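Everything on this sheet refers to the single structure shown next.
The values are calculated or read from the model by the stated rules, or taken from the named source; none is laboratory data. Predicted, not measured: the structure shown is a model, and the values here were computed from it. Virtual Cβ from ideal backbone geometry, glycine too; neighbours counted across all protein chains shown. These accessible areas exclude ligands, DNA and RNA; they are computed on the full protein's heavy atoms, side chains included. Shrake-Rupley method; radii C 1.70, N 1.55, O 1.52, S 1.80 Å.
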Amino acid sequence: MTTLTDTPDVADEHPAPPPSIGTLPGLTGLRGIAVVAVVAYHLGYLPGGFVGVDLFFVLSGFLITSLLMSRPPVGAAGLRRWWARRVRRLTPAVAVVVLAVLALFLTRSGIALDAVATMTWWQNWHLIAEGTSYWASSPSPLRHAWSLSIEEQFYLLWPVTLLGLLALGRRWRRPAAVVAGAAALGAAASFLWASWLSRADGADLSRIYFGTDTRIGALLVGCAAAAWMQRDPQRWQRPPRVRPAVSVTAVGAGILLAVLSVSLAPDSLWSYRGGLALVALGALVLVVACSGPGPVSSALSGRVLQWLGTRSYAIYLWSWPVQLTVQERWPDLELRWVAATTALTSLLLADVSMRVVENPLRFGTGWAQGIRPRQAAWGLGLVALVVGSAVAARSTVPTTAERLAQEFEQVPDPTTTVTAPGDGTGPTDGVAPTAPPTTVCVPTTDVATQFSGGDRKFDPSTVEGIGDPVGDKCGATRVLVVGDSTGRGAANGLRRAPASGLEVWDRTVLGCGIEVNPAKCPSWRTIWPAAVQEVRPQVVLVHLGVSVDVVDGPEPRFTAPEAAGVRQQVIGEAMDALAATGARVVWTLPAVPLDNGTFYCGGSRKGTGCDPDWIARWNADVVAAATPRGVAVVNLEDWVASRGRTKADRPDGLHFSGAGLDAEAALLAPQLR
């Protein structure tokens with residue numbers, strides 16, 4: 001029986017593969033550009049560099065369809081051999097990276113399932129099933145395998161689909177046209193489906209970003225073009241007289257992709273409502289232009305791009321876990337040194353991977369010339385993955401995200417042991433009041449906090465009761481907290497602060513300040529006044545970051561002089577709404593995130609809510625709106641600077657956690673009483 005590891009013709013098939021469309025220098029150069037864009041995006045230097053993945057998708061669809069239609073597999077045996085070559089091409093490099101990740105992140109909870117999902121090519125659906133946000137503060141070192149999973153799912157399904165379409169098309173004597181038409185319709189359906197999902201209330205953009213159904217459009221665009229060109233291959237040889245026109249079109253497509261690589265963002269609705277479709281079409285023009293001789297292909301044939309392109313797969317695999325390793329081991333390292341270390345290490349590992357692992361197992365060369373060495377390599381790799389995953393599965397050490405999650409659970413509404421005047425009944429059974437309580441407090445004794453007898457036997461008779469509290473809700477100041485995830489953390493910090501004298505009501509919404517974003521956030525103009533009427537607070541704490549779009553419709557760019565007036569008006573309206581029932585309003589001024597905190601701004605600092613200049617402008621606008629209204633402001637930027645901007649306070653670069661969260665609560669509590 002023929003298997004992956006004992007295919008008798010491995011050495012005969014692959015030691016010196018003939019030139020093919022997949023080895024054209026122009027296409028190899030495109031791979032190099034694509035992987036550089038993706039790595040730059042991960043490092044925060046290129047906001048829309050994720051479009052490099054879609055360039056890979058278009059290129060993959062184009063190449064695979066071209067190869068399948070020029071040499072279609074014959075029968076089940078032919079399909080098995082085709083899939084075996086795909087496995088030999090993709091699996092060895094992934095297996096080595098997964099083993100390295102298991103070794104480096106062995107104690108990280110959830111890494112074992114990530115490893116299994118990556119090796120079995122369903123990591124994208126695993127991330128969706130777990131509800132993983134693409135913008136998670138502590139992402140998985142195998143998160144980037146989502147795109148590999150989509151490609152592998154495509155490789156599994158497309159050959160069978162294509163053979164069926166070819167058989168159908170032969171009946172009409174238009175096999176290539178049928179394939180091209182079906183692929184084009186599938187691409188259109190995928191892009192439209194993504195657009196429709198993005199229009200739902202509270203659309204989950206991470207699910208759209210990771211989904212096979214919503215991202216396969218780019219692959220099918222490449223498939224459609226390849227099939228259409230197969231109708232008359234000679235027609236696409238491009239004689240010299242038409243090459244200038246092709247080059248001009250390709251240059252225009254390159255400019256379009258360059259613009260999109262700095263303007264698109266994964267959390268932008270425009271990305272899913274036409275942006276990624278535009279990327280796919282621009283990528284297709286470049287792919288077609290590079291599929292034959294011409295100025296564009298020659299321009300991409302330089303040695304550097306060729307070197308990067310031949311190693312692009314391994315560079316993509318290694319760069320992300322290397323980057324996370326560097327950032328976790330040296331959290332205070334400047335971004336430029338993180339980038340330099342990531343780039344150099346990834347290039348070295350990718351080169352070693354290609355020479356020592358990928359090519360020998362793919363082509364049956366070097367140490368893998370014999371059947372037994374190949375069998376041993378596959379067997380040992382499988383055992384190592386199983387053992388590593390089993391060991392990692394026993395880990396209970398929480399990730400940074402999990403530690404933060406414990407501090408960002410929504411604070412439950414306060415409850416107090418109360419009785420109606422003269423009623424004599426017991427507690428409210430944990431049901432939070434929906435309006436200010438009109439009850440009086442029952443004397444209670446907090447035994448746990450008063451007894452400090454060490455190992456001595458506890459005697460309740462030695463603990464004196466606490467006298468009746470006075471004032472509303474047992475003397476505590478009722479505080480309503482509104483804002484985004486930073487406010488959620490502050491609410492938790494205040495709730496756990498010792499003897500804070502505060503009764504904390506949490507009405508924060510993760511990811512939502514006063515920005516107008518109907519797809520992700522409920523309007524503050526609705527939920528904040530409702531919360532004020534419900535809670536009837538004495539003090540309202542507003543804790544949020546910079547809100548970029550504060551009006552519904554066109555507004556000036558953030559740094560335009562007239563934009564400050566718009567922001568001040570909206571901020572003032574928010575302050576007035578929160579003070580409508582007589583509550584005192586306290587508004588925090590956000591601090592500049594650390595370098596790793598730019599993850600929450602699409603990986604970019606310049607021109608985003610993580611930009612120090614934007615934060616300074618926002619804080620000035622808050623002060624300008626607060627001063628005539630008597631609203632108190634708490635300058636967290638100055639406070640953070642006085643503490644040295646340490647990552648110990650903000651492990652994910654943005655949110656206070658642990659001792660930092662406690663210190664912030666100690667800063668805020670006296671100003672809220």
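Taking the Cα-to-Cβ direction at LEU333 and at VAL383 and moving 7 Å from each Cα, how far apart do the two end points lie in nm?
3.4
Ranked highest first by average number of other Cβ atoms within 10 Å, how do 285-291, 154-160, 216-222 line up?
Numbers: 285-291: 24.4, 154-160: 17.0, 216-222: 27.6.
Going by the mean number of other Cβ atoms within 10 Å, highest first, we get 216-222, 285-291, 154-160.
When the solvent-accessible surface of protein heavy atoms is calculated with a 1.4 angstrom probe, in what order do GLU573, GLU562, GLU328 fall, highest first? Please list the in-between numbers first.
Working: GLU573 60, GLU562 110, GLU328 80 Å².
Ranked list, largest accessible area first: GLU562, GLU328, GLU573.
Please tell me the relative contact order of region 107-214 in percent, rounded to the nearest whole number, where contacts are Cα pairs under 8 Å and at least six residues apart. Mind showing how you got there, number by number?
Numbers: 81 pairs, mean separation 31.6, N = 108.
For region 107-214, the relative contact order is 29 percent.
In angstroms, what radius of gyration and Dmax does region 159-210 have, counting Cα atoms only?
My reading of the Cα-based Rg and Dmax gives 15.6, 47 Å.
Please report the accessible area of ASP638 (heavy atoms, 1.4 Å probe, ligands and nucleic acids excluded) in Å², nearest 10.
Taking all protein chains as shown, ASP638 has close to 100 Å².
Between ALA129 and LEU667, what length in nm is gained on full extension when 0.36 nm per residue of separation is reduced by their alpha carbon distance? Can you show the working numbers first?
Details: separation 538, 0.36 × 538 = 193.68 nm, distance 3.94 nm.
The ALA129-LEU667 span can extend by a further 189.7 nm.
Sticking with the crude label model, points 7 Å out along Cα→Cβ, report the distance from VAL623 to SER70 in nm, one decimal please.
In this crude label model, VAL623 to SER70 measures out at 6.6 nm.
Give me the 1.4 Å probe accessible area per residue for region 71-187, excluding ligands and nucleic acids, in Å². Intermediate values should be presented prior to the final figure.
Values: 4900 Å² over 117 residues.
Using a 1.4 Å probe on heavy atoms only, each residue of region 71-187 averages 42 Å².
In nanometres, what is the gap between the two model label sites at VAL87 and ALA577, each 7 Å from Cα along Cα-to-Cβ?
5.8
Between region 162-188 and region 338-367, what's the alpha-carbon centroid distance in Å?
With region 162-188 and region 338-367 each reduced to a Cα centre, they are spaced 38 Å.
Calculate, for SER301 and ASP638, the FRET efficiency according to 1/(1 + (r/R0)^6) with r their C-beta to C-beta distance and R0 51 Å; round to the nearest 0.05. List each step's numbers first, then the result.
Working: r = 54 Å, r/R0 = 1.06.
Calculated transfer efficiency: 0.40.
Determine the relative contact order of region 161-305: mean sequence separation of Cα pairs under 8 Å and six or more apart, normalised by residue count, in whole percent. Could the numbers behind the result be given before it?
On the way: 137 pairs, mean separation 36.2, N = 145.
So the answer I get is 25 percent.
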